[in-house]
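Trainee: Mind looking over this structure? Questions follow.
The values are calculated or read from the model by the stated rules, or taken from the named source; none is laboratory data. Just so you know, these numbers come straight off a predicted model, no measurement behind them. Positions of Cβ are backbone-derived with ideal geometry, glycine not excepted, and every protein chain shown enters the neighbour counts.
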Ligand code: FES
Ligand code: FES
């Protein structure tokens, strides 16, 4: 007779970078550990493992999420994008290219999280979402200028132990400029928010 299924484990299908992976995981397995330990996607880094450093930032349905605070079983049905999924074949994502060109890193440990965060942050800004340093938060005001202060505030969930912040801000600004050249801003309301 087949053994009774353990109540501590479930089968979960994760959609990562466009590929579906079915795994049996302990319910307590974080998305971060599933990505790194089960799928060998080690681009996503483990820094604090408690939601404070941003090293493990991935995109869930296009929004930023720290994978160390997300259970793998709760990520089923979401489109998960890791740093490995940003490039278009051999062509780096503009944010990756900007970090390379402008030396937006030193040791590089925080860089995958910084880049994933920047990719989603640039979309949040283009959609008109205000930050804590935005002067005019009226929805009709549209996206505020993406100043260095705006970038610092919006990227404040991603820490860099090397202190490469000056170059990181430049790289994010460059990536945002490339995005603005290629994709006009179409959303001018600020009513949507990323899921917690
Ligand atoms: S490892 Fe997830 S926030 Fe630090
Ligand atoms: S580049 Fe070393 S932690 Fe950021």
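Trainee: Among (1) crowded, with 19+ Cβ neighbours inside 10 Å; (2) out of contact with any helix residue (DSSP H, G or I) (no Cβ under 9 Å at 6 or more places or on another chain), which single condition is residue 90 missing?
Mentor: (1)
Trainee: Based on what the data block shows, is residue 173 in a helix (DSSP H, G or I) and more than 16 Å from ligand 2 (Cβ to nearest atom)? Lay out the reasoning, then the answer.
Mentor: Details: in a helix (DSSP H, G or I): yes; more than 16 Å from ligand 2 (Cβ to nearest atom): yes.
Yes: the conditions hold for residue 173.
Trainee: Here is a follow-up. Regarding region 145-153, can at least one residue be identified that is in a loop (DSSP other than H, G, I, E, B), in the same structural domain as residue 18 (by TED's automatic domain parsing) and crowded, with 16+ Cβ neighbours inside 10 Å? Steps first, answer last, please.
Mentor: Pass one, region 145-153, residues in a loop (DSSP other than H, G, I, E, B): 145-147.
Next cut, in the same structural domain as residue 18 (by TED's automatic domain parsing) only: none.
No: zero hits.
Trainee: For region 18-38, name all the residues that are buried (at least 18 other Cβ atoms within 10 Å of the Cβ) and either closer than 29 Å to residue 154 by Cβ or assigned by TED's automatic domain parsing to the domain that holds residue 165 (or both).
Mentor: Across region 18-38, the qualifying residues are 30, 31, 32, 33, 34, 35, 36.
Trainee: What are the residues in region 42-59 that are surrounded by 20 or more Cβ atoms within 10 Å (Cβ to Cβ) and in contact with a strand residue (DSSP E or B) (Cβ under 8 Å, 6 or more places away or on another chain), if any?
Mentor: 44, 54, 56, 57, 58, 59 - these are the residues of region 42-59 that are surrounded by 20 or more Cβ atoms within 10 Å (Cβ to Cβ) and in contact with a strand residue (DSSP E or B) (Cβ under 8 Å, 6 or more places away or on another chain).
Residue by residue, here is whether (1) under 25 Å from residue 36 (Cα atoms); (2) modelled with pLDDT under 95 holds:
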{"residue": "59", "(1), (2)": "yes, no"}
{"residue": "65", "(1), (2)": "yes, no"}
{"residue": "86", "(1), (2)": "yes, no"}
{"residue": "103", "(1), (2)": "no, no"}
{"residue": "111", "(1), (2)": "yes, no"}
{"residue": "139", "(1), (2)": "no, yes"}
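Trainee: Answer with yes or no whether residue 29 is over 20 Å from residue 88 (Cα atoms), in contact with a strand residue (DSSP E or B) (Cβ under 8 Å, 6 or more places away or on another chain) and without any contact (Cβ under 8 Å) to a residue 40 or more places away in the chain.
Mentor: no
Trainee: Could you grab me the full set of residues in region 94-111 that are in contact with a helix residue (DSSP H, G or I) (Cβ under 7 Å, 6 or more places away or on another chain), without any contact (Cβ under 8 Å) to a residue 60 or more places away in the chain and away from ligand 1 (no atom under 16 Å from the Cβ)?
Mentor: Once the filter is applied, which keeps residues that are in contact with a helix residue (DSSP H, G or I) (Cβ under 7 Å, 6 or more places away or on another chain), without any contact (Cβ under 8 Å) to a residue 60 or more places away in the chain and away from ligand 1 (no atom under 16 Å from the Cβ), region 94-111 yields only 96.
Trainee: Got at least one residue in region 98-112 being within 17 Å of residue 41 (Cβ to Cβ) and in a helix (DSSP H, G or I)?
Mentor: Within region 98-112, one or more residues are within 17 Å of residue 41 (Cβ to Cβ) and in a helix (DSSP H, G or I).
Trainee: Give the residue that is farthest from residue 14 (Cα to Cα), with candidates limited to residues of region 72-82 that are touching a strand residue (DSSP E or B) at 6+ places or on another chain (Cβ under 7 Å) and surrounded by fewer than 19 Cβ atoms within 10 Å (Cβ to Cβ).
Mentor: Only one residue tops the list, namely 79.
Trainee: Are any of the residues in region 73-83 more than 14 Å from the chain's Cα centre (by Cα) and assigned to a loop (DSSP other than H, G, I, E, B)?
Mentor: Yes.
Trainee: Is there a residue being crowded, with 19+ Cβ neighbours inside 10 Å, without any contact (Cβ under 8 Å) to a residue 40 or more places away in the chain and over 22 Å from residue 59 (Cβ atoms) anywhere in region 116-134?
Mentor: Yes: one or more hits.
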